[in-house]
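Report on one structure; see the data block that follows.
The values are calculated or read from the model by the stated rules, or taken from the named source; none is laboratory data. Not measured: the values here are computed from a predicted model. Every residue, glycine as well, gets a Cβ built from its backbone with ideal geometry; the counts of neighbours run over all protein chains shown. Side chains are part of the model used for accessible areas, which takes the heavy atoms of the whole protein and leaves out ligands, DNA and RNA. Shrake-Rupley method; radii C 1.70, N 1.55, O 1.52, S 1.80 Å.
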Amino acid sequence: MCGIVGYIGKQQAGPVLLDGLKKLEYRGYDSAGIAVYDEFAKKTEIVKAKGRLSALVEKTDGGKSLKGTCGIGHTRWATHGEPSELNAHPHFSDDGKVVAVHNGIIENYAELKQKLLNKGYEFYSQTDTEIATKLICYYYEKYGNDPVTAMERFILRTRGSYAIAVMFYDFPREIYVARKDSPMIIGVSDGEAFLASDVPAILKYTRNVYYIGDREIARLTDGGVTFYNVDREVIQKELVEIKWDAEAAEKGGYEHFMMKEICEQPKVVKDTINCAVKDGKVDFSEIGVTDEQLKAFKQVYIIGCGSAYHVGMVALYVMEKLARVPTRVELASEFRYRSPLIDENTLVVVISQSGETADSLAALREAKKLGATTLAIVNVVGSSIARDADFVFYTKAGPEISVATTKAYSTQLIACYLLAIKMARVNGSIDETRENELIAELTTIPDKISELLKDEREIQQFANVVAAKSNVFFVGRGEDYAVCMEGSLKLKEISYIHSEAYAAGELKHGTISLIEEGTLVIGVLTQDELYEKTISNMVETKSRGALIMGVTVKGRENVESTADITVYVPKTDPLFTASLAVVPLQLLAYYVSAYKGYDVDKPRNLAKSVTVE
Ligand code: F6R
């Protein structure tokens with residue numbers, strides 16, 4: 001969701017900025033722009049384009065038409081105002097001396113705009129960013145042309161979320177940055193400084209980054225950064241080395257990131273298991289939460305959005321079955337406004353790949369305010385949710401570029417299983433033998449995913465059939481129902497086919513009236529004790545003309561008397577089948593989208609990281 005880059009150094013800024021923006025394309029955007037200060041002409045040139053980044057690349061000859069070695073760039077995902085060149089960033093003050101790019105939403109923009117209108121400022125776009133830029137300009141001029149004071153006043157005066165990068169004409173080799181609840185990192189290397197809203201944009205140039213905190217200011221110069229708090233006092237920050245492999249953010253021969261990321265699942269699942277299993281036991285010492293703390297919790301809340309919420313749905317079943325602790329799973333956007341009944345005896349687990357999802361971050365803060373202990377299951381190191389949580393379990397998915405999550409989802413499942421095993425063990429609901437058994441089984445999951453990935457031809461062929469459907473129903477019970485929710489989301493978000501996930505027992509309570517000749521029903525049946533029940537529900541839809549696809553475990557070949565096509569997953573402990581059953585559904589969604597010729601990695605209207613409410 002919107003991308004920011006910035007560069008100051010020895011290289012021509014334009015190509016570096018466009019290169020960074022290219023790496024952020026996956027976040028979703030509908031227009032783009034860059035601003036570069038030309039030291040010789042003594043002017044800042046701004047170029048914007050609506051639509052794909054390639055339009056901006058063309059307009060600027062790959063960035064080379066803009067002379068200068070200091071600049072900022074942006075990909076915009078429209079919030080205030082339609083996608084257009086006028087609304088695209090960078091925005092600038094009336095005299096062109098203050099130029100800015102911004103991610104997030106300024107909530108009190110109307111009040112600030114009125115204030116500036118009263119002062120004689122004019123507005124041309126529909127964006128809150130133009131207001132932010134002119135507000136900074138106003139404070140800059142009011143407080144003695146001091147950029148740090150202008151940024152400080154901006155922070156004090158605005159409500160909402162922002163990551164903002166500003167160039168002041170009078171300070172040609174400097175870029176000023178401020179952030180609140182919107183991601184921004186600053187990278188440095190010899191004589192150069194970079195800024196970006198996400199790691200992949202700068203990974204090619206440097207691995208040494210600073211995380212700028214909420215309501216802090218940074219001043220970037222050639223190779224150096226100075227940080228200030230909101231009282232304009234200089235503060236020290238630790239330089240952190242990014243361990244992600246630069247190649248992990250490249251397609252590496254695959255046609256789409258999504259397929260690459262699906263295929264990376266065996267590795268990242270293994271890495272995630274290995275980071276919290278030592279000598280065959282779940283070991284949370286790196287996370288820091290103690291057995292005594294875990295034992296004391298009387299209830300668990302699991303919170304997330306989209307696929308992260310679906311992980312929570314699987315975790316709900318696993319947690320209650322194994323650890324016997326009352327568990328609830330809730331959408332972050334609902335939890336944050338619901339006055340939930342939680343207290344210091346509650347563990348609130350917030351799941352998020354990006355660690356920046358606005359609703360999940362707000363839910364985490366709400367939980368902390370109510371006295372709960374918070375554990376974040378997060379993929380991006382140093383992200384806002386990771387920083388705010390009491391404890392963090394970092395998944396080892398590496399950079400996930402495709403908007404539709406696959407490998408992060410799979411690593412989040414692992415983190416939840418491990419948490420459930422740990423809690424079960426500390427409160428005595430399982431013994432050591434069962435723990436050993438579960439861990440031994442869990443370590444077989446990566447190979448079982450690899451096995452599934454080898455056998456994808458039938459799914460690929462079936463994708464042609466699915467592509468012609470306009471409605472698909474996913475049905476299952478228990479963990480299978482949770483997997484159906486994820487399978488349905490994957491299909492709808494990248495293939496634009498309407499689909500619904502139903503708890504199979506609910507079909508008769510309404511949905512079955514939608515089943516007609518040729519409607520596709522995908523049944524997931526991996527739970528032994530629920531198998532017969534779900535089969536009966538599938539038979540009911542078949543007798544009304546449905547086309548049936550079954551996803552079940554090897555050995556359940558009798559499903560073929562009901563299903564028209566069946567995908568078998570290897571046998572595992574029923575608690576972990578979600579990790580396997582989801583894979584064919586990911587592949588199906590991928591192949592349907594690719595068959596329809598859609599932009600698999602960047603589905604319409606979607607953003608990778610949803611940093612606004
Ligand atoms: C779907 C998808 C989204 C995210 C959701 C939460 O494929 O990726 O539903 O799961 O936006 O994002 P994070 O995990 O970054 O909080």
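The figures follow:
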{"quantity": "Cα Rg, Dmax, the stretch 251-443, angstrom units", "calculated": "15.9, 50"}
{"quantity": "The stretch 408-499, accessible surface, carbon-and-sulfur percent (1.4 angstrom probe)", "calculated": "43"}
{"quantity": "Mean Cβ neighbour count within 10 Å, used as a protection proxy, ranking 569-575, 130-136 highest first", "calculated": "130-136, 569-575"}
{"quantity": "Distance histogram for the stretch 248-315 (every C-alpha pair counted, 5 angstrom bins, percent rounded to whole numbers)", "calculated": "3, 12, 12, 17, 22, 15, 9, 5, 3, 1"}
{"quantity": "Surface/4 of the Cα convex hull for the stretch 3-242, nm²", "calculated": "11.2"}
{"quantity": "Within-12-Å neighbourhood charge of residue 429 [Cβ basis; K, R +1; D, E -1]", "calculated": "+3"}
{"quantity": "Value of D in µm² per second that Stokes-Einstein yields for the stretch 457-595, Kirkwood Rh from Cα pairs, at 25 °C (0.890 mPa s)", "calculated": "170"}
{"quantity": "DSSP bridge pairs, the chain: antiparallel proportion in percent, nearest 5", "calculated": "60"}
{"quantity": "Solvent-accessible area, 1.4 Å probe, carbon plus sulfur percent, for the stretch 3-242", "calculated": "48"}
{"quantity": "Candidates per trypsin sites (Lys or Arg not before Pro) in the stretch 227-295, loop by DSSP, up to 15 other Cβ within 10 Å", "calculated": "232, 243, 251"}
{"quantity": "Helical segments meeting 27 Å axial Cα length and Kyte-Doolittle 0.5 threshold in the chain (DSSP H)", "calculated": "407-426"}
{"quantity": "The stretch 135-284, Cα convex hull volume normalised per residue, Å³", "calculated": "170"}
{"quantity": "Candidates per chymotrypsin sites (Phe, Trp or Tyr not before Pro) in the stretch 95-171, loop by DSSP, up to 15 other Cβ within 10 Å", "calculated": "123, 124, 143"}
{"quantity": "Spatially proximal lysines relative to residue 50 (Cα-Cα < 20 Å; intrachain offsets below 8 disregarded)", "calculated": "22, 23, 59, 64, 602, 608"}
{"quantity": "Volume per residue that the Cα convex hull of the stretch 222-265 spans, once the total is divided by residue count, Å³", "calculated": "159"}
{"quantity": "Sum of -39500 (n - 2.57) over DSSP H runs of 4+, divided by residues of the chain (222 nm, nearest 500)", "calculated": "-11000 deg cm²/dmol"}
{"quantity": "Cα-based Rg and Dmax for the stretch 321-416, where Dmax is the largest Cα-Cα distance (Å)", "calculated": "13.1, 37"}
{"quantity": "Amide H within-cut-off set for residue 499, under 5 Å, with H built and near neighbours excluded", "calculated": "472"}
{"quantity": "Å² of accessible area per residue within the stretch 251-443, as computed with a 1.4 Å probe and no ligands counted", "calculated": "35"}
{"quantity": "Dimensionless Rg over Rh [the chain; C-alpha; Kirkwood]", "calculated": "1.00"}
{"quantity": "Alpha carbon centroid spacing (whole Å) that separates the stretch 105-155 from the stretch 567-594", "calculated": "51"}
{"quantity": "Long-range amide H partners of residue 349 with built H, under 5 Å", "calculated": "301, 302, 303, 375"}
